[in-house]
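Chemist: Before I ask anything, let me first share the structure, which is written out below as structure tokens.
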């Protein structure tokens, strides 16, 4: 089945630690996105990538880093510089030419600080 | 600056009746609008979209209305079913190839009362 897979489902981070959230898609989508959701808030864009080896900062990129070495994969690293990392993280992808601006989401990763 | 606003955090509707969810936007450059449905601890699922060249789009029980002059869109669900209980997000974008970012509202929690 085609889809977007995020792992792990739950993740715990210790103070000062970097953690990496995985996002893999087998939909052959060219664009991928990372969002953060906090309680009572909408989804806020962290980073996005429209092609391999290229990515842009979203609205809240500070304390995060990404890479896009393969079309299928767009991992997000939450660095120790992110002082409030507890949130629900969502990865999305789209075929920009076919699907216009419709983005398809993974099931999410919930990150908590120990 | 919240460019997409959902002013009702929650809404309760009797099963079988119509649910109307509202969304307002401030950026007149937005030309494509989407509604997503989200269950707890899951990723959002695309429901329905509308281009600014239309004022109505229908898909089964779901209809989206767009009033460009008022910068307002609404999602109608008829008839409402218990499985419709979820958080609904509206999103907007500017359709420029290479700039397919979505701006999300804060969501409305819909509860269908049996």
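Taken together, the values in this text are just the output of simple stated rules run on the coordinates, not laboratory data. None of the values given here were measured: they were computed from a predicted structure. Here the Cβ positions follow ideal geometry from the backbone for every residue, glycine too, while neighbour counts run over all protein chains shown.
Chemist: Considering only the range A:26-48, how many residues are within 17 Å of residue A:101 (Cβ to Cβ), more than 10 Å from every other protein chain (Cβ to nearest Cβ) and assigned to a strand (DSSP E or B)?
Modeler: 2
Chemist: From the list A:16, A:2, pick out the single residue that is outside any strand (DSSP E or B) and at negative phi.
Modeler: Answer to the selection: A:2.
Chemist: For the range B:3-23, how many residues are more than 13 Å from chain A (Cβ to nearest Cβ) and either part of a strand (DSSP E or B) or touching a helix residue (DSSP H, G or I) at 6+ places or on another chain (Cβ under 7 Å) (or both)?
Modeler: Residues that pass the stated criteria total 9.
Chemist: May I pose another question? Whether any residue in the range A:49-59 is touching a strand residue (DSSP E or B) at 6+ places or on another chain (Cβ under 7 Å), over 24 Å from residue B:96 (Cα atoms), assigned to a strand (DSSP E or B) and more than 10 Å from chain B (Cβ to nearest Cβ) is what I want to check.
Modeler: No, the conditions are met nowhere in the range A:49-59.
Chemist: Continuing with this model, one more query. Looking only at the range A:97-113, which residues are touching a strand residue (DSSP E or B) at 6+ places or on another chain (Cβ under 8 Å), surrounded by fewer than 19 Cβ atoms within 10 Å (Cβ to Cβ) and more than 9 Å from every other protein chain (Cβ to nearest Cβ)?
Modeler: A:112, A:113
Chemist: Which pairs have Cβ atoms under 8 Å, sit 6 or more apart or on different chains, and link a residue in the range A:7-19 that is more than 13 Å from residue A:90 (Cα to Cα) to one that is surrounded by fewer than 10 Cβ atoms within 10 Å (Cβ to Cβ)?
Modeler: Short answer, once both residue conditions are applied: A:12/A:114; A:13/A:114; A:14/A:114; A:15/A:114.
Chemist: Tell me, which strands (runs of 3 or more DSSP E) wholly within the range B:69-114 include 1 or more residues that are farther than 30 Å from residue A:48 by Cβ and either out of contact with any strand residue (DSSP E or B) (no Cβ under 9 Å at 6 or more places or on another chain) or more than 8 Å from every other protein chain (Cβ to nearest Cβ) (or both)?
Modeler: B:72-77, B:108-113
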